[in-house]
Amino acid sequence: MSPEDLKYHKEHTWAKINGRKATIGITHYAQESLGDIVYLELPDVDTEVDKDAEIAEIESTKATSAIIAPVSGKIIEVNEELAESPEIINEDPYEKGWIAVIEMSNTKEIEELLDPKDYDKYVEEEAK
Amino acid sequence: MKRTLLYNRHKALSARFVVFAGYEMPLQYTGVIDEHHAVRKSAGIFDVSHLSRIEINGKDTISLINKLITTDLEKLKQGYSQYTFLCNENGGIIDDLLVYKKPDDSIFLCGNAINRGKVAAWLKKHAVSLSADKAGYNVVIKDITDATCQIAIQGPEAQKILQSHASTKLSEIKKFAFAEINFDDIILLVSRTGYTGEDGFELYITASMAESVWDRLLSGGAAPNLKPAGLGARDTLRLEMGYLLYGHDIDQKTTPLEAGLERFILFEKSDFIGKEALITQRQNGLKRILIGFEMIDKGIPRQGYRILAKETEIGAVTSGNMSPTLKKGIGLGYVDIGYNKTGNEIIIDIREKALLARVVSLPFYRKK
């Protein structure tokens with residue numbers, strides 16, 4: 001179900017690895033559980049982020065939730081379009097709904113992330 | 001966990017559920033914003049069976065209830081309902097509800113789900129304690145919540161949709177009026193009331209007919225313009241209107257005066273519980289009052305967030321969300337008197353960020 005070319009964090013974020021760069025976003029499961037996303041507090045470019053730590057706040061009509069960084073490093077780009085149209089994340093969480101690009105400080109962390117198959121299994125368990 | 005009589009219908013519509021006041025209720029079907037706009041533009045159908053429904057009969061009904069509510073039942077026409085408060089001796093709100101005066105002077109109360117037991121107990125207690133007669137007032141108090149289902153159909157198309165099933169002429173039911181109608185040969189009580197700011201009706205249905213009425217509404221010819229809507233949209237719709245939600249914006253520690261709803265207190269009426277406390281509070285002046293505010297900075301206020309003026313804490317948010325119609329963060333909250341003037345700029349502490357907001361007059365949303 002989840003795209004083949006991505007790696008997944010148990011806090012429902014994904015990372016698309018390209019050399020030292022990781023484009024990140026939230027998964028389909030996350031956007032569906034959140035419901036209508038109405039606001040995203042984007043992180044600032046040049047911020048250093050740690051894996052497993054909060055990188056941004058996301059608001060839906062239901063509640064506020066934290067977005068957890070799947071890898072450590074420096075934010076080098078954010079998806080400014082989400083500031084005006086956060087609903088893009090609901091519509092297209094894996095492509096147009098990307099949140100930020102992180103320049104990884106430790107590419108070994110990738111090994112700790114889940115493959116699509118394992119993430120799907122994990123979600124299935126969690127949904128029970 | 002309680003479920004309403006329509007639970008299986010929600011399940012069939014793939015609703016996402018939320019626990020509210022002990023009920024497993026539909027939060028949303030297709031999405032909160034989608035359902036919200038449907039109600040503003042065409043019509044939505046809500047299962048609101050969780051609301052409390054209490055009937056009071058007997059010759060002393062009007063005198064008893066009039067001693068407990070802040071509005072005046074003597075002035076309410078038969079066949080009409082009004083918004084009112086039940087207050088305790090301190091003027092604190094026990095429940096905010098709609099009181100219906102039936103043609104035979106019996107009374108029907110529709111209030112908040114969480115207050116159901118409390119209200120019934122309060123009525124029973126005072127049916128004895130307030131009466132001059134040792135036997136108590138001649139009233140029969142009957143909780144009919146579980147024996148009935150309540151459906152709200154709200155939006156500019158609501159009348160047309162409901163009319164396609166009813167032989168009674170619905171345009172003759174004025175705002176806040178209610179009547180028995182013939183709905184596809186089922187006799188229902190219908191009121192022109194709601195919690196969305198749109199025109200619309202609430203239907204009170206015998207348990208055995210609940211699913212049938214729901215199904216007929218959603219399968220009739222006008223059905224394409226009618227969307228099932230959940231508690232999520234109900235909350236954003238009521239918030240845009242500045243309607244209060246018990247347990248959030250009001251509770252036993254707040255009075256109708258502090259909530260800015262003095263127009264629902266009939267001070268000239270003879271005694272009612274809470275009257276003295278409310279008079280005293282009005283004479284001494286309020287310390288805090290409910291305001292509506294909209295965000296100037298980007299951000300969404302939520303219950304519990306602090307409200308500040310410069311660095312000074314002046315209050316707290318009691319409800320907040322993003323307004324799907326205005327497309328900005330809006331909220332309700334209490335502030336110290338002096339900071340409540342329309343146009344006044346305040347700070348909302350959103351996760352340790354001081355974000356600017358402005359006090360606005362309610363409702364947030366006015367229909368064109």
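The values are calculated or read from the model by the stated rules, or taken from the named source; none is laboratory data. Remember, predicted model here, so these are calculated numbers, not experimental data. For neighbour counting, all protein chains shown are included, and Cβ atoms are generated from backbone atoms with ideal geometry for every residue, glycine included. Note: areas computed on protein heavy atoms with side chains; ligands, DNA, RNA excluded. Shrake-Rupley method; radii C 1.70, N 1.55, O 1.52, S 1.80 Å.
Of the residues contained in the range B:10-27, one or more are found to be in contact with a Leu (Cβ under 8 Å, 6 or more places away or on another chain) and surrounded by 24 or more Cβ atoms within 10 Å (Cβ to Cβ). The residues in the range B:301-310 that are away from chain A (no Cβ under 14 Å) and closer than 22 Å to B:Asp235 by Cα can be counted, and the count is 2. None of B:Leu239, B:Leu266, B:Leu217 is open to solvent by 10 Å² or more (accessible area, probe 1.4 Å) and either within 27 Å of B:Asp199 (Cβ to Cβ) or more than 14 Å from chain A (Cβ to nearest Cβ) (or both) except B:Leu266. If you go through the range A:80-97 and keep only what is out of contact with any helix residue (DSSP H, G or I) (no Cβ under 8 Å at 6 or more places or on another chain) and without any contact (Cβ under 8 Å) to a residue 40 or more places away in the chain, you end up with A:Glu80, A:Glu84, A:Ser85, A:Glu91, A:Asp92, A:Glu95.
The combined condition, being open to solvent by 10 Å² or more (accessible area, probe 1.4 Å), within 30 Å of A:Ala63 (Cα to Cα) and at pLDDT below 95, is not fulfilled by B:Asn138. Only residues that are within 14 Å of chain B (Cβ to nearest Cβ) and surrounded by fewer than 14 Cβ atoms within 10 Å (Cβ to Cβ) were counted in the range A:86-105, giving 1.
Of the set (1) without any contact (Cβ under 8 Å) to a residue 24 or more places away in the chain; (2) among the small types (Gly, Ala, Ser); (3) crowded, with 17+ Cβ neighbours inside 10 Å, all apply to B:Gly292 but (1). Within the range B:254-274, residues that are without any contact (Cβ under 8 Å) to a residue 40 or more places away in the chain have Cβ atoms under 9 Å from residues that are among the hydroxyl-bearing types (Ser, Thr, Tyr) and not in a loop (DSSP other than H, G, I, E, B) in no pair, counting only partners at least 6 apart in sequence or on another chain.
Okay, residues lined up against (1) assigned to a strand (DSSP E or B); (2) at pLDDT 95 or above; (3) within 19 Å of A:Glu4 (Cα to Cα):
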| position | (1), (2), (3) |
| --- | --- |
| A:Lys16 | yes, yes, yes |
| A:Ala83 | no, no, no |
| A:Tyr94 | no, yes, yes |
| A:Gly97 | no, yes, yes |
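The set of residues in the range A:54-79 that are away from chain B (no Cβ under 14 Å), hydrophobic (A, V, I, L, M, F, W, C) and open to solvent by less than 30 Å² (accessible area, probe 1.4 Å) comprises A:Ile68, A:Ala69, A:Val71, A:Ile75, A:Val78.
Pairs are defined by a Cβ separation below 6 Å, a sequence spacing of at least 6 or placement on different chains, a first member in the range B:27-41 that is more than 8 Å from chain A (Cβ to nearest Cβ) and at negative phi, and a second member that is in a helix (DSSP H, G or I) and aromatic (Phe, Trp, Tyr); no pair meets this definition.
Listed here are the residues, each with its yes/no results for (1) in contact with a helix residue (DSSP H, G or I) (Cβ under 9 Å, 6 or more places away or on another chain); (2) more than 29 Å from B:Arg234 (Cβ to Cβ); (3) modelled with pLDDT of 95 or more.
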| residue | (1), (2), (3) |
| --- | --- |
| B:Lys269 | yes, yes, no |
| B:Ile289 | no, no, yes |
| B:Phe293 | no, no, yes |
| B:Gly299 | no, no, no |
| B:Gly315 | no, no, yes |
| B:Gly320 | yes, no, yes |
| B:Asp349 | no, no, yes |
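Restricting attention to the range B:162-208 and to residues that are in contact with a Leu (Cβ under 8 Å, 6 or more places away or on another chain) and assigned to a helix (DSSP H, G or I), the residue that is surrounded by the fewest Cβ atoms within 10 Å (Cβ to Cβ) turns out to be B:Ala207. For the residues B:Leu98, B:Leu76, the requirement of being open to solvent by 10 Å² or more (accessible area, probe 1.4 Å), within 12 Å of B:Ile54 (Cβ to Cβ) and either at pLDDT below 95 or of a type in the set (A, V, I, L, M, F, W, C) (or both) singles out B:Leu98.
The residues of the range A:12-39 that are within 13 Å of another protein chain (Cβ to nearest Cβ) and over 12 Å from the mean Cα position of the chain (by Cα), listed by number, are A:Glu32, A:Ser33, A:Leu34, A:Gly35, A:Asp36, A:Ile37, A:Val38, A:Tyr39. On the given criteria, is A:Lys51 touching a helix residue (DSSP H, G or I) at 6+ places or on another chain (Cβ under 8 Å), within 14 Å of chain B (Cβ to nearest Cβ) and in a loop (DSSP other than H, G, I, E, B)? Against the criterion (touching a helix residue (DSSP H, G or I) at 6+ places or on another chain (Cβ under 8 Å), within 14 Å of chain B (Cβ to nearest Cβ) and in a loop (DSSP other than H, G, I, E, B)), A:Lys51 does not qualify.
Could you say whether any residue in the range B:64-71 is farther than 21 Å from B:Tyr83 by Cβ and either away from every other protein chain (no Cβ under 14 Å) or not aliphatic (A, V, I, L, M) (or both)? Scanning the range B:64-71 turns up no residue that is farther than 21 Å from B:Tyr83 by Cβ and either away from every other protein chain (no Cβ under 14 Å) or not aliphatic (A, V, I, L, M) (or both). Among the residues here, B:Gln159 qualifies as closer than 20 Å to B:Gly44 by Cβ and open to solvent by 10 Å² or more (accessible area, probe 1.4 Å).
The residue of the range B:311-353 that is surrounded by the most Cβ atoms within 10 Å (Cβ to Cβ), among those that are over 16 Å from A:Thr64 (Cα atoms) and within 14 Å of chain A (Cβ to nearest Cβ), is B:Pro324. Residue count for the range B:56-73, restricted to those that are under 20 Å from B:Gln281 (Cβ atoms) and either at pLDDT below 95 or open to solvent by 10 Å² or more (accessible area, probe 1.4 Å) (or both): 2.
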